[in-house]
1. On a C-alpha basis, how far is the centre of segment 653-685 from the centre of segment 515-554 in Å? Whole number, if you could?
2. Order 491-499, 590-598 from most to least packed using the mean count of other Cβ atoms within 10 Å.
3. Pull out the extension gain between ASP32 and SER731, defined as 0.36 nm times the separation in residues minus the alpha carbon to alpha carbon distance; nm, one decimal.
4. For LYS349 and GLN495, what does the FRET efficiency come to when R0 = 41 Å and r is the distance between their Cβ atoms, rounded to the nearest 0.05?
5. Sorting check: for 21-32, 302-313, which peptide has the highest mean count of neighbouring beta carbons within 10 Å, and how do the rest follow?
6. Among the listed pairs LYS337/LYS726; LYS424/LYS628; LYS484/LYS504; LYS270/LYS752; LYS24/LYS161, which are separated by more than 26 Å between their Cα atoms?
7. Taking the Cβ-Cβ separation of GLN178 and ASP644 as r and a Förster radius of 60 Å, what is the calculated FRET efficiency to the nearest 0.05?
8. What is the packing order of peptides 133-141, 455-463, 198-206, taking the mean over residues of other C-beta atoms within 10 Å and listing the highest first?
Amino acid sequence: MNIEEVEEHLDVLTKSGHKTGISKPRKQVHRDGDYHGAVHVWIYAESSQQLLLQQRSHCKDSWADLWDISSAGHISAGDSSLITARREVQEELGLTLPKDAFEFIFVFLQECAINDGKYINNEYSDVYLVTTIDPIPLEAFTLQETEVSAVKYISCEEYKKLLAKEDSDYVPYDVHGQYGQLFSILEKRYKENTVARGLTLQKQLSRYAPISLSAELTGLSDSDREALVYIVKAAAVMDEIFYLQSWYSNPALRDWLKEHADTSELNKLKWSYYMINKSPWSCLDEDEAFLTTADSAIRLLSKATRTVKEWKGLEYRAAFPVLKPPGANFYPPDMDKREFEIWKDSLEKDKQKEATDFFNVIKRHSESIFDSHLSDNRAGDANDLYIVPYSQEYKSLLAKAADLLHKAGDITNSPSLKRLLHSKADAFLSNDYYDSDIAWMELDSNLDVTIGPYETYEDKVFGYKATFEAYIGIRDEEATSQLKLFGDSLQLLEQNLPMDSAYKSTDVNAAPIRVIQLIYNSGDVKGPQTLAFNLPNDERIVKERGSSMVMLKNVSEAKFVHILLPIAAACVATEQQEFVDFDSFFTHTICHECCHGIGPHTITLPNGRKSTVRLELQEFHSALEEAKADIVGLWALRFLISQDLLSETLLKSMYVSFLAGCYRSVRFGLEEAHGKGQALQFNWLYEKGAFVLDSEGAVSVDFSKIEDAVEGLSREILTIQAKGDKVAAGSLLQKYSTMTEPLQVALKKLEKVQVPVDVAPTFPIADKLLQ
């Protein structure tokens, strides 16, 4: 920052780094030793393995004339971290860089006093890395004289040694403390063993059993077959949108990996595993990154600096953070929950509702202003955030998908399919999905289509924002007709749920269940494949009309054969393995989906305010809702048996098949909603003695205890949801969603015998249509 800007104010932070709501002039902050925020930006050149350093101006009030970080500065009151980083690089060095050049790597806390104790620096700094391919020519920089005297490149190893010996020409950083992270990140990234990395990727890939999913199209009319071509092409657009929803540089990463997949065996493995995860973060490893920015796309900026003769411009890597952003690309990456809540509370009631809606993203005015090259305009107020509807954010892609769906709708002769396709196409452009979701619920066609924004798992900040997905399948009429019992029994189940009657609904609608053979999926279908889904998630429709279920029978059959049977053989006590069968597995999956439609959704809080479970439980909602559907689904099967609506012969097999299924889901990882919810159930049932571990490490069901334990957990979760009790939800998940010893023993066994964790489908019918 320019020292002449004496009136610059900084946000005062707590000792733990959170905003207090107070701001003070910068000099007072350093005089009083207040905690505050800053940014550090390191510019690293891959080819020379050098870092850019700046020499601080002789007139600076701290560390004058010493060599320091490439660029750094305070975060002014009301400003955001990433905009500050971009602005500092532009002001101090004359570099205009896009946001995808900046990789957030860690937070650095510096607590020190200099100038005889007159300058106290208690500073939380967001540390960013900008990776260029080659060093930037020194004559390309435009230095801000009041801040920077000179710049130079220095090798990482030499710089680390100078810092370690506390050379007096360099601003001190403890390379054995927090700042050691910078050097260890670069060393690991650029001195890796490619053979070892290849073996790791092969091992990660081997956790997925490759399967081919197809179905007979003989039941489709000629017009539906013709419409299918356009529907599959529209579904493919959902992939394009989802890549962008995951992270803003994700599409560039995908294109780069695809382009270079055939250049080496390692690059082929990177591409193969990326295609399963649809991002650089591994779904089965609690979102740990299996790629780094060093693997990402190279982009050229011809006008990022002062023009230098015979230099084509600045080449950089499109960056992504090692830690998966909890807000994906739905919110500004440097936004925290408190900032969102303060902004939301400042809005009118209808805008507050819109801010927490499924179908929009949250952006910053300051970023738009900065990208318009009006960087002198600083937002600096509570209204920096604003709402952008999906229909605007993904306008070109949604227009393409809408056009394809309209064409398909014009072709098909099925009235309900025609209505769905046209209404969904309209929704893509209007951002109003209500009519299209009703049309989806009423779909009665041999060609089954689910397409649009639905699930909110990717939003780990609040669980508000929906990702785009598509499932295309052929209706299995025989299996569908057999399942009518479950959809028709929802009101009966609701009235008998193990929770206080005051929380029960008297108007639960019957849930139509459709069984399909899947022929294509796209969008948010990364990592572990879903067996079924219950939609829509719009609480208005659930309250008025209930929900509908779609069961993916060929996916269920593949998982049972490739995964559940081998899990049972390894982890379930020998005397109970005979109880693991496909009918029990598939029937519980059905009940799981049914139970999403019962229990609390729209709720009345103790203060009389109306709300929803999703809004109250926020980031805990997805995991708890999955646990509810699972455990209440098990309770529901037992209840239906007691009412003579299902056969008594199902009793033991449903509990033992559920036990085997626990291991299957926990292997998805405890960052994933299903895995987290499943760990909660397993550990609860184990604690209550319903699951028993033997000396060989195998687990069996204690049939005398399982019923009470299932009912107890069902009551616990349903009551938390009915009360909208976020604290209780967090406590329950924190206590039980852990990798306990019985789970660890089982997972080690399964790794040893190499049972796949999930399946990786290919779709020959769709592939042919897309060619």
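Here, each number is a calculation from the coordinates, and none is a lab measurement. All figures in this text were calculated on a predicted structure; none of them were measured in a lab. Every residue, glycine among them, receives a Cβ derived from its backbone with ideal geometry; neighbour counts consider all protein chains shown.
1. Here the answer is 20 Å between Cα centres.
2. Descending packing order for the listed peptides: 590-598, 491-499.
3. 247.9 nm
4. 0.75
5. Result, highest mean first: 21-32, 302-313.
6. LYS424/LYS628; LYS24/LYS161
7. Efficiency, from the Cβ-Cβ distance: 0.40.
8. 455-463, 133-141, 198-206
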